[in-house]
Amino acid sequence: MSDKIVEVDAIGNACPIPVVKTIKAIKGLEGAGVVVTKVDNETAVKNLAKLASDKGYTSESKQLEDGNYEVTTTVSGTEEAVDEAEAQQFAPAERNVVVVVAADHQGEGDDELGRNLMKMFIYTLSQMDELPKTILFYNGGVRLTCEGSPALEDLKLMADAGVEIISCGTCLNFYGLTDKLAVGSASNMYVIVQKQLEASLILRP
């Protein structure tokens, strides 16, 4: 009797989803069998090959005429059992991105152009698939978190999405803006330094 064959469609799925689907299919075999997983990216192909290698399965892949890939995993039924929780090792590492804004303009030269560039930067940041964990504002940058800021709507959008927005309290006080803070919270230099030390990436416009 031939081995059971299960087909898995993981087209359009980012890792670790193709791995999770394949693991579920392998568990569903309840013994020997073959799982054929279709994916659309080389990262998924490599991750499925790693899964097979780690567990002692046989794996081979081929590119299809439509540009997608087919990964065939052969299970003898005597290998180590798989756990869906293990699939999380194939998930992209979550980054702690911190954006540091020290002025209400971007670059040097014409101030009006610089302010327009900063507004465009913050808008573009708010539209990215990966939002930063934290945005820090100090010195003239605190003007952007206060009433009348042209970037206020985009900053509030990111705050609603879970981005932590912190303004330097000393800077707000210096510019007479303490009562004008309109998004996020005021904090101190200790917190500002700590957030940067904990960052996996710091972005300075």
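The values are calculated or read from the model by the stated rules, or taken from the named source; none is laboratory data. Just so it is clear, the model here is predicted, and its values are computed rather than measured. Reconstructed Cβ throughout: ideal geometry from the backbone, glycine too, with neighbour counts over all protein chains shown. Note: accessible area is taken over every heavy atom of the protein model, side chains too, but ligands, DNA and RNA are not part of it. Shrake-Rupley method; radii C 1.70, N 1.55, O 1.52, S 1.80 Å.
The table below gives the values:
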item	result
Of all residues making up segment 136-161, the number that are modelled with pLDDT of 95 or more, open to solvent by 50 Å² or more (accessible area, probe 1.4 Å) and of a type in the set (G, A, S)	1
Residue within segment 29-40 that is modelled with pLDDT under 90 and either in contact with a Leu (Cβ under 6 Å, 6 or more places away or on another chain) or among the acidic types (D, E) (or both) present	yes
Close pairs from segment 24-44: first more than 16 Å from Y57 (Cα to Cα), partner assigned to a helix (DSSP H, G or I), Cβ under 7 Å, at least 6 apart	V39/P18; V39/V45; A44/P18
Output for segment 90-104, where each listed residue is modelled with pLDDT of 70 or more and open to solvent by 50 Å² or more (accessible area, probe 1.4 Å)	E94, R95
Residue in segment 44-55 that is open to solvent by 30 Å² or more (accessible area, probe 1.4 Å) and outside any helix (DSSP H, G or I) present	no
